[in-house]
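First up is the structure itself, then whatever we jot down about it.
The values are calculated or read from the model by the stated rules, or taken from the named source; none is laboratory data. Because the structure is predicted, anything quoted here is derived from the model rather than measured. Neighbour counts run over all protein chains shown; Cβ positions are idealised from the backbone, glycine included. When the accessible area is computed, the model is the full protein with side chains, heavy atoms only, and any ligands, DNA or RNA have been set aside. Shrake-Rupley method; radii C 1.70, N 1.55, O 1.52, S 1.80 Å.
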Amino acid sequence: MGAQLRVYRQKIKSAQTTKKITRAMELISASRIAKAQQRVAAATPHTKAVTRAVSAVATYSNIDHPLTTEPATIDRAAIVIFTSDRGLAGAFSSNVLKEAERLTALLQQQGKDVVYYLVGRKAVSNFNFRRRDSVRSWIGGTDLPQVETAKEIADTVLEGYIKEFTEGGFDEIHLIYNKFVSMMVQEPEVIRLLPLSIVEATTETAAADVYPLYEFEPDATKVLDALLPVYIESRIFTAMLQSAASEHAARQKAMKSATDNAQKLILNYTRLSNQARQAEITQQISEIVGGADALASTGDED
Amino acid sequence: MADKTLHVDLVAQDQAVWSGEARMVIAKTVEGEIGLLPDHEPILAILGEGEVRITLADGEQLRASAEGGFLSMERNTVTVVARNAALI
């Protein structure tokens, strides 16, 4: 076997191995999307109920709650970034990080300090690489978000929100995550979590809904006190679930094109190796013919 | 009055736990126990520790834990919401 032919065969083999792996990852992601979507759907009743309740309290009671009132000046803002733990998902994590970069520029333009909370190993390694500081990070389990993690994140950011500015507290919280639009489309979404804007909250319940005049037990302020952390937690959990579903979809898409590319490589290299093999055979034939010719011509001269 | 029922939804953060018709819902709020019958006025209450008891249309009792959640009632629909809710 010629040297050229051997090189092509090696390349075909390595492309085939890669294809097997990417194909397997594609199938795994495909099966996990369905599960992730089910989780999003399962969490929807809770989110709806909480949003509705918060909107109702906020609409019918004129209470000044620290979580709903916009401070006169906002000097520091927090951004919570939701990325994935693992790569090989196309632009999934970098989209979110780019969006965070844009938001940071905007906030700094408004004269605000920006602090970060990171979710997912990709965000952490990106920040390490750029030597940026984050207040806190959570890694592990981005593809299967747990309620407990959401609660932990919610508690941590709320703690920072309530703290005084001089102690490192902030007056604004933004979430950035990948929103699952469809199997093919996932968009980075930025929402301002706090201070609450009720307009944003009501868009999720049907616009035609009119809230009944609730009686509050024990009273409106206490109800709002108890509801808001739950609402924040629910928003964060939703963001995590959306991000997880998007991650699987993005990975499936990325792995599908990787598999297609490997297939294309295999095809090209097969053609090249066939050509090399033919060239080798042609050369051998011409060598034999040449040799026979030479023998015949020396025989003639005798 | 007797034929009226409440529609009850018991919702945890990651799933809907139970949903169905009931004659009465008794829950423990931070202020004390509250019983809800059909045509109760709209109410939003914070739940304390303790369980929620749901009396079904056939008189059977259903018990559920719904710690640290809240309860809302409007137009004969009761929604019990908690981070972790489960039937006992």
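Listed residues A:ALA42, A:ALA53; which is aliphatic (A, V, I, L, M), under 29 Å from A:VAL181 (Cβ atoms) and more than 26 Å from the chain's Cα centre (by Cα)?
Step by step, each of A:ALA42, A:ALA53 is checked, and only A:ALA53 is aliphatic (A, V, I, L, M), under 29 Å from A:VAL181 (Cβ atoms) and more than 26 Å from the chain's Cα centre (by Cα).
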Conditions (1) within 9 Å of another protein chain (Cβ to nearest Cβ); (2) within 23 Å of A:THR238 (Cβ to Cβ); (3) not small (Gly, Ala, Ser) -> B:ILE34 fails only (2)
Selection from the range A:92-133 of residues hydrophobic (A, V, I, L, M, F, W, C), closer than 19 Å to A:ALA244 by Cβ and assigned to a strand (DSSP E or B) yields A:LEU118, A:VAL119
Of (1) surrounded by fewer than 14 Cβ atoms within 10 Å (Cβ to Cβ); (2) in contact (Cβ under 8 Å) with a residue 12 or more places away in the chain; (3) assigned to a helix (DSSP H, G or I), A:LYS20 satisfies every one except (2)
Checked the range A:41-60 for anything more than 10 Å from chain B (Cβ to nearest Cβ) and surrounded by fewer than 19 Cβ atoms within 10 Å (Cβ to Cβ); matches are A:THR59
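Can you name the residue in the range A:210-220 that is in contact with a Ser or Thr (Cβ under 8 Å, 6 or more places away or on another chain) and more than 7 Å from every other protein chain (Cβ to nearest Cβ) and, of all such residues, is modelled with the lowest pLDDT? Break it down into steps so the answer makes sense when it comes.
First, pick out the residues of the range A:210-220 that are in contact with a Ser or Thr (Cβ under 8 Å, 6 or more places away or on another chain): A:211, A:214, A:216-218, A:220.
From what's left, more than 7 Å from every other protein chain (Cβ to nearest Cβ): A:211, A:220.
Details: A:TYR211: 70, A:ALA220: 79.
Looking at the filtered set, the residue picked out is A:TYR211.
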Being closer than 21 Å to A:ALA89 by Cα and in contact with an Asp or Glu (Cβ under 8 Å, 6 or more places away or on another chain) narrows A:PHE127, A:PHE165 down to just A:PHE127
Per the filter on the range B:72-88, residues within 10 Å of another protein chain (Cβ to nearest Cβ) and open to solvent by less than 40 Å² (accessible area, probe 1.4 Å) are B:SER72, B:MET73, B:GLU74, B:THR79, B:VAL80, B:VAL81, B:ALA82, B:ALA85
Of the listed residues (B:GLY48, B:GLY69), the one being at the interface with chain A (Cβ under 9 Å from one of its Cβ atoms), open to solvent by less than 40 Å² (accessible area, probe 1.4 Å) and modelled with pLDDT under 85 is B:GLY69
- Task: With respect to A:ARG251, determine if the residue is within 28 Å of A:ALA3 (Cα to Cα) and touching a residue at least 60 places away in the same chain (Cβ under 8 Å).
- Result: no
Among residues of the range B:51-66 being within 12 Å of the chain's Cα centre (by Cα) and open to solvent by less than 50 Å² (accessible area, probe 1.4 Å), the residue nearest to the other protein chains (Cβ to nearest Cβ) is B:ALA66
Going through (1) in contact (Cβ under 8 Å) with a residue 60 or more places away in the chain; (2) assigned to a loop (DSSP other than H, G, I, E, B); (3) surrounded by fewer than 21 Cβ atoms within 10 Å (Cβ to Cβ); (4) not β-branched (Val, Ile, Thr) one by one, A:ALA89 fails only at (3)
If we keep only residues of the range B:6-31 that are touching a residue at least 40 places away in the same chain (Cβ under 8 Å) and open to solvent by 50 Å² or more (accessible area, probe 1.4 Å), then the residue nearest to the other protein chains (Cβ to nearest Cβ) is B:TRP18
